[in-house]
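Visitor: Structure in structure tokens, see below.
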Amino acid sequence: MTALSGTTHSLLSANRPDSPKTWLIPLLSLLAGGTLLGISTNLAKFAGEVRLSPLAFLFWSVTGAAFLLLLVSALRRQLPPVNRRTIEYYAVSAFAGVAGANLLFFSAIPHVGAGFVALTITLPPLLTYLGALALRLEGFQALRALGVLSALAGTVVLAARKLSAPDAEQFWILLTLAGPVLLAIGNLYRTLRWPSGVPGSALAPGMVMAAAVMLLLMGLLPGFSVAVPLESYVPLTLIALQAAVFAGQFWLLFLLQKTGGPVLLSLLGSVGALVGVPVAVMLQGETPPEGLLVGIVLIGAGIALLNFKKIKPR
């Protein structure tokens with residue numbers, strides 16, 4: 001990961017926009033980050049089965065990830081800068097992309113399943129793409145628009161089948177669908193407000209530490225707690241695994257944000273669904289969502305269309 005991050009600046013200043021490096025790094029970051037995202041949703045379901053509350057699991061996992069990212073930043077001498085601009089950046093990014101969205105998802109998993117949550121995280125592409133067009137962060141390209149719509153169509157097919165099921169918990173389904181809105185806002189905000197001259201490896205730990213503080217404050221409210229059951233080693237093991245997954249996921253998020261732009265970044269959820277849904281079905285015994293094959297084909301086609309032309313770093 002360190003070597004990858006170190007090449008980011010040279011990629012952005014490359015004189016040959018058609019060089020394989022200009023599209024290979026974002027594509028590999030997308031695939032790796034999406035894989036970690038798919039694993040994350042399934043770990044959250046395991047946590048619920050060992051009586052680890054969504055808030056406690058998320059808080060301790062985020063805290064562990066913050067420690068790992070901060071350690072890497074310290075070793076590279078790229079500690080998160082602290083000033084008015086970066087504090088705002090950490091706070092907004094943390095709420096939209098970490099604390100708010102993940103708390104919604106983790107809380108909904110016991111009610112709607114890890115597979116469905118993994119699928120809803122594919123929704124941000126359309127919202128991000130429309131926002132990027134409106135804010136002129138991205139020029140309109142018919143092929144990329146078709147790719148986003150294809151990925152969205154795959155998710156809509158699966159979500160519609162889920163809502164129409166006779167035993168559907170519609171409140172939790174609709175609450176889950178609010179998560180992608182926060183993720184899309186976070187995608188656009190991080191691009192618009194990226195502090196000048198600050199590398200992603202320094203911003204990532206700042207964002208994750210801010211998320212940990214938010215979750216801790218929530219845990220101090222009446223009716224909430226970040227306590228961890230210690231009857232067995234399983235809860236702590238799951239927290240350690242999730243912390244490592246989060247650290248890799250957020251590090252790749254900033255690398256992908258810088259090299260691929262907000263729209264490509266929003267496809268992390270699509271890749272996450274391609275990983276998370278099969279894992280939920282095969283390892284957790286969840287029933288495959290109706291329309292799964294159609295959804296996977298459409299989502300896969302969307303990713304292919306967005307990468308058909310070589311990606312130019314932003």
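Each value in this text was obtained by applying a stated rule to the coordinates, not by laboratory testing. All values reported here derive from a predicted model rather than from experimental measurement. With ideal geometry, Cβ positions are generated from the backbone for all residues, glycine too; neighbour counts draw on all protein chains shown.
Visitor: Mind running the shape call on the stretch 54-135? Use the C-alpha gyration tensor, a ≥ b ≥ c as the square roots of the eigenvalues: rounded below 1.5 for a/c, prolate if a/b tops b/c, oblate otherwise.
Guide: oblate
Visitor: Moving on to the next point. Along the Cα→Cβ direction, 7 angstrom out, place labels at Ala160 and Thr237. What is the inter-label distance in nm?
Guide: Here the answer is 4.3 nm between the modelled labels.
Visitor: For the chain, what are the DSSP H helices with axial Cα length of 24 Å or more and mean Kyte-Doolittle hydropathy of at least -0.5?
Guide: Helices passing the filter in the chain: 21-49, 54-75, 142-163, 170-192, 200-219, 234-265.
Visitor: Going 7 Å from the Cα of Gln141 along its beta-carbon direction, which residues of the stretch 269-284 have the amide nitrogen within less than 17 Å of the resulting point?
Guide: none
Visitor: Also, quick follow-up: Can you figure out the FRET efficiency of Ala301 with Arg193, using R₀ = 22 Å and their beta-carbon distance, to the nearest 0.05?
Guide: According to the calculation, E is roughly 0.10.
Visitor: Take the Cβ-Cβ distance between Leu130 and Ala227 as r, set R0 to 41 Å, and report the resulting FRET efficiency rounded to the nearest 0.05.
Guide: With R0 = 41 Å, the Cβ-Cβ based efficiency is 0.50.
Visitor: Which order do the peptides 98-106, 276-284, 176-184 come out in when sorted by mean C-beta neighbours inside 10 angstrom, highest first?
Guide: Going from most to least packed, we get 98-106, 176-184, 276-284.
Visitor: Who wins for biggest fluctuation among Asn42, Asn83, Asn187 in a Gaussian network model of the chain, springs between alpha carbons below 10 Å?
Guide: Asn83
Visitor: List the trypsin sites (Lys or Arg not before Pro) within the stretch 131-210 that fall in a DSSP loop (any state other than H, G, I, E or B) and whose Cβ has at most 12 other Cβ atoms within 10 Å.
Guide: Arg136
Visitor: Oh, and also: According to the square roots a ≥ b ≥ c of the eigenvalues of the Cα gyration tensor, what is the shape class of the stretch 21-306, taking rounded for a/c under 1.5, prolate for a/b larger than b/c otherwise, and oblate for the remainder?
Guide: It is oblate, given that a/c is not under 1.5 and a/b is not larger than b/c.
Visitor: Give me the percent relative contact order of the chain, please, defined on Cα pairs under 8 angstrom at least 6 residues apart.
Guide: It rounds to 41 percent for the chain.
Visitor: Only Lys, Arg, Asp and Glu count, each charged at its Cβ (+1, +1, -1, -1), so figure out the dipole size of the stretch 21-306 about its Cα centre, rounded to 20 debye.
Guide: For the stretch 21-306, the charge dipole is close to 960 debye.
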